[in-house]
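Asker: This is the structure, below, for whatever I ask next.
Only the coordinates and a few stated rules stand behind these numbers; no lab work does. All of these numbers come straight from a predicted model, not from anything done at the bench. As a convention, Cβ positions derive from the backbone with ideal geometry for all residues, glycine included, and neighbour counts pool all protein chains shown.
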Amino acid sequence: MYDLRLPREVARKRARRWPPVLALIALACVLWLRDHPAVVREPLARFLPSATPSPTATPAAAVARATAEAARVSGDASAALDAWATAVDREPSSVEGHIALAEGLSRRRLHDLALAASATAVALAPRDATAHVAHSMALDWAGKPKEAVAAALVAIDLSPEDAAAYAALAEAYAGDGRWDPALAAARRAVDLDPTLPSVHRAMGMARETRGDATAALSHYRDALALAPSDAALHVDIGRAQRLAGEFDAARESFRTASRLDPGDPVPYDQLGLMAYGQADHDTAAAFFQQAISARPDYAPGHGHLGWTYYAQLKWPDAARYFERAIELGARSPEYYYELGLSLVYQGDCDAGRPWLEQALVLDPGAEPAVEGLRLCPEDADED
């Protein structure tokens, strides 16, 4: 076997014999490449790490986003919400992720979380109209219609032909009792893009708040035709059917909504309200319990369950559920004075009086609170 490597001395000699002309050419090439680095850098760029992070989603985040979209299309709201939460966790700078998460959280009545997600989207992309639309929705569903109007107007300023922004504005106006502006904004939304379910929902909301159940029902059905697996639209339809006196149809709509999204407490709550309206308190209580089981922190479920016990003269149970509703953020004066009266009827004026007084702060014209205080005059404690 032969050793093909050159001995060091021979190699050095051969190196010294390198022609001067070739050395000059090599030096010239080095100097030229130094002044034209892109010639080397560009072909190699795909093999080198990028100096800045890529805007493309990480593989894990991309999978989560695809899972969320597939779940949304199939109508699995819980799976979609979980997937968007995962996507945002893996890609915190995703504006799209925070927007979708905010919308899903709003539909689940997780208002504080929805507001946080939508505010993050706005902070990440203050010039993105879609982020402001999501923030408007979160504010409106959280019971803050005036702030929702402001957010929707920002979206329209950023994107004057944005149908979704006008739909959000219409719903916010409707929530604020501004019926004529709500209808005008909804009509503009439909004119801009009649293919969006949200614009027809906005028209339905604008009509429903004016008491026009028949027109509202028609628009909600238009929205449902575009998004048949959207449980929230079945709730809207059921509410309009109830307003129109179509009680059997309304019950079926609420049941459909509960089948599509078992984790949403609202369909159960609506079924409970219908039973309560017919003085079927046991059935109403069962539905309100289902609402609470679906979402233990759903304040209206606790308050409405308090109503059923109050109507049955079950004062300790009524007081417990009214107090829990208030702890969870409910601000209905009725909960306050019925909690106070439930305590008064148990003979505990000291415990009941503060709740009656708070009810009058919320609603100075609340006659039941005034009557309760007459039953428990403060000077009676001194006798």
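Asker: Once a ≥ b ≥ c are taken as the square roots of the eigenvalues of the Cα gyration tensor of the stretch 190-248, is the result rounded (a/c under 1.5), prolate (a/b larger than b/c) or oblate (a/b not larger than b/c)?
Answerer: Oblate shape, in that a/c is at least 1.5 and b/c is the bigger or equal ratio.
Asker: Name the shape class, rounded, prolate or oblate, that the alpha-carbon gyration tensor gives for the stretch 254-297, where a ≥ b ≥ c are the square roots of its eigenvalues, rounded holds for a/c under 1.5, and otherwise prolate holds if a/b is larger than b/c and oblate otherwise.
Answerer: Oblate.
Asker: Computed on alpha carbon atoms, what radius of gyration and Dmax characterise the stretch 229-308, expressed in Å?
Answerer: 11.5, 32
Asker: If packing is taken as the mean number of other Cβ atoms within 10 Å per residue, what is the order of 151-162, 284-295, highest first?
Answerer: With the highest mean Cβ count within 10 Å placed first, the list reads 284-295, 151-162.
Asker: Right, next: Sorted from fewest to most neighbouring beta carbons within 10 Å, what does the list Thr256, Thr214 look like?
Answerer: Values: Thr256 17, Thr214 11.
Listing Thr256, Thr214 from fewest to most nearby Cβ atoms yields Thr214, Thr256.
Asker: Rounded, prolate or oblate: which fits the stretch 111-229 when a ≥ b ≥ c are the square roots of the eigenvalues of the alpha-carbon gyration tensor, with rounded for a/c under 1.5 and prolate only if a/b beats b/c? Walk me through the numbers before you get to the answer.
Answerer: Details: a/c = 1.68, a/b = 1.52, b/c = 1.11.
Cα axes put the stretch 111-229 in the prolate bin.
Asker: Can you list the HN-Hα couplings for the stretch 250-255, worked out from phi with the Karplus curve (6.51, -1.76, 1.60; θ = phi - 60°), rounded to whole Hz and with x for Gly and Pro?
Answerer: Rounded to whole hertz, the list is 4, 4, 5, 5, 5, 5.
Asker: Computed over the Cα atoms, what is the radius of gyration of the stretch 118-172 divided by 2.2 N^0.38 Å, N being its residue count?
Answerer: Its radius of gyration relative to the 2.2 N^0.38 Å reference: 0.95.
Asker: Additional query: Residue-wise, which Karplus ³J(HN,Hα) couplings in Hz belong to the stretch 142-159, taking 6.51 cos²θ - 1.76 cosθ + 1.60, θ = phi - 60°, and x for glycine or proline?
Answerer: 7, x, 10, x, 5, 5, 5, 4, 4, 5, 5, 5, 4, 4, 5, 4, 6, 9
Asker: Below 8 Å between Cα atoms, with a sequence gap of 6+, how large is the relative contact order for the stretch 239-383 in percent?
Answerer: Reported relative contact order: 13 percent.
Asker: Apply the Karplus parameterisation 6.51 cos²θ - 1.76 cosθ + 1.60, with θ equal to phi minus 60°, to every residue of the stretch 256-266 and state each ³J(HN,Hα) to the nearest whole Hz, in sequence, with x for glycine and proline.
Answerer: Whole-Hz 3J(HN,Hα) from phi for the stretch 256-266: 4, 4, 5, 6, 5, 9, x, x, 8, x, 5.
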